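A short worksheet on the structure shown next.
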Amino acid sequence: MLADCLSSLSRTDYDDYCIYLVDNASSDGSPQWAKKNHPGIKIIASEKNLGYAGGCNLGIRSTTEDYVVLLNNDTEVEPGWLTRLVFEMDQDQTVAAAQPKILWLKDRSLFDYSGGAGGMMDIFGFPYCLGRLFESKEKDSGQYNGKIRDIFWASGSASIYRRSALDKTGLLDEDFFMHMEEIDLAWRMHLTGFRVISVPNSVIYHLSGGSLPAGNFRKMYLNHRNSLLMLWKNYSPASLMWVWPLRQALEMMAFIKALISGNLEWAKAIVQATLWVIENPRMVWKKHREVQNIRSVNDRIIMEKMHRGSIAVKYFLQSKRAANQL
């Protein structure tokens, strides 16, 4: 995967960029191979596995450019991808992050699970994408092409960030380890008055699940836990008073569905995620206070950028299968 990624990056038609490879304590010799075959890249090495969030943060802190792109190694890019992202960032200083259109590497006619044509979210903290609703992926027929549009979050698989915005919001939360940390970051960007956009004429391809497959217990646990933590961090106490009980009702529905379907690993992940929040009140509340201290936008405005219903209800009970059906 790394070989294909670096090969495609070498064909990028933007003149002024540098490739940094974060070596997150790998043991397979891939950084040495990469340096030998692509001598122009720069290696940023960690002595231990910092997780996705920590690895990205190490890369960000080790560089100085005005724009930083987070790009997974299981991606391939179109030659014009970076030029189009930078152009849109240059147009508006209030844009903190921009995401390209992300298609699936195994079938380039389908949107990729991890981002699609832009990340969205409902008010209960369930993320989805333009082009992907839960496990249902749409074919790319140009339905999200054309205009630049505001989205709620930009995929950590491939997105560009404004460093001055990161200086204001902080970086990825390393306690998330992996999964949803980029959504949490985007929420902070909205809370501080920035925008996040989708740039559909910039195209990359991604192999979702390269780190953990969909049914993996750790992946399910982190998705549930990090979603709950994200709500507590970013909502005001007034919003949490009514959002949290409804989210717990949705968690109970998911738990029952897991039991009925015989997916005991999923059921276990849901329970352990909620228990983690209950067992770590000091950490959760500390994170909540830190985020609220940088807030300049109220929740009413934030919720206008979200889907006001539950995508879980619409997907599982009303059989909605695409973002444009919501």
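Taken as a whole, region 246-253 holds at least one residue that is under 26 Å from residue 118 (Cα atoms), exposed (fewer than 15 other Cβ atoms within 10 Å of the Cβ), over 23 Å from the mean Cα position of the chain (by Cα) and not aromatic (Phe, Trp, Tyr). Residues that are without any contact (Cβ under 8 Å) to a residue 40 or more places away in the chain and either part of a helix (DSSP H, G or I) or basic (Lys, Arg) (or both) are absent from region 102-122.
When region 16-42 is limited to residues that are over 27 Å from the mean Cα position of the chain (by Cα) and of a type outside the set (S, T, N, Q), the one that is surrounded by the fewest Cβ atoms within 10 Å (Cβ to Cβ) turns out to be 39. Selection of region 311-324 for residues being touching a residue at least 24 places away in the same chain (Cβ under 8 Å) and either part of a loop (DSSP other than H, G, I, E, B) or over 12 Å from residue 254 (Cβ atoms) (or both) yields 311, 320, 321, 322, 323, 324. Just to be sure before I move on: is residue 222 aliphatic (A, V, I, L, M), touching an Asp or Glu at 6+ places or on another chain (Cβ under 9 Å) and surrounded by 17 or more Cβ atoms within 10 Å (Cβ to Cβ) in the structure I sent? So residue 222 does not fit the description; no.
Return yes when residue 276 is of a type outside the set (D, E, K, R), buried (at least 17 other Cβ atoms within 10 Å of the Cβ) and in contact with a His (Cβ under 6 Å, 6 or more places away or on another chain) and no when it is not. No.
Candidates in region 73-101 are the residues that are of a type in the set (Ser, Thr, Tyr) and not in a strand (DSSP E or B); of these, the one that is nearest to residue 14 (Cα to Cα) is 83.
Among the residues of region 141-166, count how many are surrounded by fewer than 23 Cβ atoms within 10 Å (Cβ to Cβ) and more than 12 Å from residue 67 (Cα to Cα). Number satisfying all stated conditions: 11. Taken over region 17-52, the criterion of being touching a Phe, Trp or Tyr at 6+ places or on another chain (Cβ under 6 Å) and modelled with pLDDT under 95 is satisfied by 51 alone.
Yes/no matrix, rows are residues, columns are (1) more than 15 Å from the chain's Cα centre (by Cα); (2) surrounded by fewer than 17 Cβ atoms within 10 Å (Cβ to Cβ); (3) among the hydrophobic types (A, V, I, L, M, F, W, C); (4) modelled with pLDDT of 95 or more:
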position: 57; (1), (2), (3), (4): no, no, no, yes
position: 71; (1), (2), (3), (4): no, no, yes, yes
position: 90; (1), (2), (3), (4): yes, yes, no, yes
position: 101; (1), (2), (3), (4): no, no, no, yes
position: 130; (1), (2), (3), (4): no, no, yes, yes
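The values are calculated or read from the model by the stated rules, or taken from the named source; none is laboratory data. All values derive from a computational prediction rather than experimental measurement. Ideal geometry is used to build each Cβ from the backbone, glycine not excepted, and the neighbour counts take in all protein chains shown.
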